[in-house]
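The values are calculated or read from the model by the stated rules, or taken from the named source; none is laboratory data. As the structure is a computational prediction, the values presented were derived from the model and not from experiment. When we count neighbours, we look across all protein chains shown, and the Cβ atoms used for this are built from the backbone with ideal geometry, even at glycine.
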Amino acid sequence: MQAVAGAVLVSAAAAAGVAASVFLFGKDAKSNQKKLRGWAIKAKGEVVDEMERMAHISHDHYNDLVDGVSKKYAALNHVNKKELTGLTRELKSHWAHISNEVMRGSKSKR
């Protein structure tokens, strides 16, 4: 796979699996799980589900996906806008880890 201008295209299914583990079982898993509200867990799940439906995903596609899910939750009355902004920022910050894990996995299979 070639990296073009920083946009790495990775297998979406593998990225979705890594994303799910990062979102719920990362280095701050216990504190993150305690802080998460139901809507935040659903939002993260929607991002993972959408990633699984794609054949490949790039950094731009991932950010667009996160923005789309965030926009949907912004329209809901029970969602705290400040928490949603934080969740969106957190999800976007995970791309580097997701793509690194997927690329590391694909190199070890060769």
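When restricted to residues that are out of contact with any strand residue (DSSP E or B) (no Cβ under 9 Å at 6 or more places or on another chain) and in contact (Cβ under 8 Å) with a residue 60 or more places away in the chain, the range 40-99 contains 3. If only residues of the range 72-104 that are exposed (fewer than 15 other Cβ atoms within 10 Å of the Cβ) and under 13 Å from LYS42 (Cβ atoms) are counted, the one that is farthest from the chain's Cα centre (by Cα) is HIS78. Screening LYS27 with (1) in a helix (DSSP H, G or I); (2) among the basic types (Lys, Arg); (3) at pLDDT below 90 gives one miss only, at (1). Screening the range 37-59 for residues that are over 12 Å from the mean Cα position of the chain (by Cα) and either farther than 15 Å from ALA19 by Cβ or among the polar types (S, T, N, Q) (or both) and picking the one that is modelled with the highest pLDDT gives TRP39.
The requirement of being among the acidic types (Asp, Glu) and within 11 Å of ALA15 (Cβ to Cβ) is fulfilled somewhere in the range 92-105, by at least one residue. On inspection, LYS92 fails the criterion of being of a type in the set (Lys, Arg), in a helix (DSSP H, G or I) and more than 14 Å from ALA19 (Cα to Cα).
Of all residues in the range 54-71, those being in a helix (DSSP H, G or I) and either among the acidic types (Asp, Glu) or surrounded by 12 or more Cβ atoms within 10 Å (Cβ to Cβ) (or both) number 12.
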